[in-house]
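FYI, it's all coordinate maths here, none of it is from the lab. On a predicted model such as this, the values are computed, not experimentally measured, just so you know. As a convention, Cβ positions derive from the backbone with ideal geometry for all residues, glycine included, and neighbour counts pool all protein chains shown.
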Amino acid sequence: MHAWPASEVPALPGKGRDLQIHDTATGGPVTLDPGPVARIYVCGITPYDATHMGHAATYNAFDLVQRVWLDTKRQVHYVQNVTDVDDPLLERAIRDGHDWTELAERETALFREDMTALRMLPPQHYIGAVEAIPGIVPLVERLRDAGAAYELDGDVYFSVEADPHFGGVSHYDTEVMKALSAERGGDPDRPGKKNPLDPMLWMAAREGEPSWDGGSLGPGRPGWHIECVAIALDHLGMGFDVQGGGSDLAFPHHEMGASHAQALTGEYPFARSYVHAGMVALNGEKMSKSKGNLVFVSTLRRDGVDPAAIRLALLSHHYRSDWEWTDAVLEEARQRLGRWRAAVSRPDGPSADAVVEEIRDALANDLDAPAALAAVDRWAALQHSDGGTDEGAPGLLSRAVDALLGVAL
Ligand code: 5CA
Ligand code: ZN
């Protein structure tokens, strides 16, 4: 699949910072130490509805990770998937009487537009589950042949016991895992499974559902976790720097993905860090397509809201906190954008050199975007009260806000 166009990232004077970030697997901060090419996999959307503010907040967090890396003059190798065949997508298509491929294509196209408008950096590889199927089948066959997977009425399940590190991403106990598995696409109560937590790798063709050639597995379609594993191994390999997504993906998705890959390769770890963004709520409940309590990026754009204001609204919350989307959050972001734009539109101003360092320090410290905004706020307030004589300052500040926060002033 094609991704979306990249907005340019201005180079800044001085030196970027190494990123320290909270890793779910170790439960604490880690200083990432990527090579000259940093590798990141971020789980993409299941395209059965438009991009909501929760999605946007999660992609914003991983966009910041990349901007910090780019500021250290590293290259970034970024891979993202699109779960363009899965139960919720098929169910929605049937409910609304749409063709599931058309629904997926339409919503993916809208997602690209939203990401472009928000100045999110595009992945180098944007891969759909359907196009990944030829790569998924041999992985499932290998797991089965190695005894790490088994058949149940034609479906193929992964055996969680095949990975000695199973549990090492989320660290949840078995009861919590079972509950989350039932909630998030698993089937812990299906009779005949070796372990209730075992996730499906390959689902045998069902009447009336799409299916693909599965070689020795028979016709069917892939399970959810193996999709991301196949795409990540194909384009990044083992031991990539960051596996990212919202906190609802820590278990089962990222736990199972890590175990699939570790069982397949015998290597550890799948990812060197697992980074999870908090959940955005609306009216007290997690924003979710299945619940329908959503504020869409595209609706706000259609209503004339500046995407830069949407982005500032996302940045005003720490990525790891759970927060609530409200009109007041957006209004505050609009006002901030207005103050910042007025401040950089003057030909000179207070020196911005220290502000650039403050933004860098804030982001390097577990992506503390609110602290970065506060630093820019202070500069803008000084500009509005005292002004300044540094002719390069407004330009430098705009470039820093663009390069490090993805906001065009
Ligand atoms: N296709 C899978 C990942 S392989 C999937 O989870 N798709 S999704 O469309 O449901 O979610 C896309 C991303 O948005 C995931 O990282 C998910 O954790 C994140 N996300 C979903 N809802 C919210 C929310 N309310 N707040 C923050 N992030 C969210
Ligand atoms: Zn995924």
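Hand me the list of helices (runs of 4 or more DSSP H) wholly inside segment 221-315 holding 2 or more residues that are within 26 Å of Ile127 (Cβ to Cβ), within 13 Å of ligand 2 (Cβ to nearest atom) and of a type outside the set (Val, Ile, Thr).
Details: elements: 224-235, 255-265, 297-302, 307-315.
Passing ranges, in order: 224-235, 255-265.
Do we find a residue being surrounded by fewer than 18 Cβ atoms within 10 Å (Cβ to Cβ), basic (Lys, Arg) and either in a loop (DSSP other than H, G, I, E, B) or within 16 Å of ligand 2 (Cβ to nearest atom) (or both) anywhere in segment 53-73?
Step one: filter segment 53-73 for residues surrounded by fewer than 18 Cβ atoms within 10 Å (Cβ to Cβ), giving 72-73.
From what's left, basic (Lys, Arg): 73.
Narrowing further to those that are either in a loop (DSSP other than H, G, I, E, B) or within 16 Å of ligand 2 (Cβ to nearest atom) (or both): 73.
Yes, some residue in segment 53-73 is surrounded by fewer than 18 Cβ atoms within 10 Å (Cβ to Cβ), basic (Lys, Arg) and either in a loop (DSSP other than H, G, I, E, B) or within 16 Å of ligand 2 (Cβ to nearest atom) (or both).
Condition check: farther than 27 Å from Ala38 by Cα and within 16 Å of ligand 2 (Cβ to nearest atom). Does Val130 satisfy that?
On the way: farther than 27 Å from Ala38 by Cα: no; within 16 Å of ligand 2 (Cβ to nearest atom): yes.
In short, no.
So which of Tyr41, Tyr48, Tyr78 ends up being crowded, with 23+ Cβ neighbours inside 10 Å and either in a loop (DSSP other than H, G, I, E, B) or among the acidic types (Asp, Glu) (or both)? Spell out how you get there, then give the answer.
Details: Tyr41 fails: either in a loop (DSSP other than H, G, I, E, B) or among the acidic types (Asp, Glu) (or both); Tyr78 fails: either in a loop (DSSP other than H, G, I, E, B) or among the acidic types (Asp, Glu) (or both).
Of the residues listed, the single one that is crowded, with 23+ Cβ neighbours inside 10 Å and either in a loop (DSSP other than H, G, I, E, B) or among the acidic types (Asp, Glu) (or both) is Tyr48.
Of everything in segment 208-257, what is polar (S, T, N, Q) and surrounded by fewer than 24 Cβ atoms within 10 Å (Cβ to Cβ)? Give them in sequence order. Steps first, please.
Looking only at segment 208-257, we keep the residues that are polar (S, T, N, Q), and these are 211, 216, 243, 247.
Result: Ser211, Ser216, Ser247.
Which condition does Gly257 not pass, out of (1) over 17 Å from the mean Cα position of the chain (by Cα); (2) within 28 Å of Asp155 (Cβ to Cβ); (3) among the small types (Gly, Ala, Ser), if it passes all the others?
(1)
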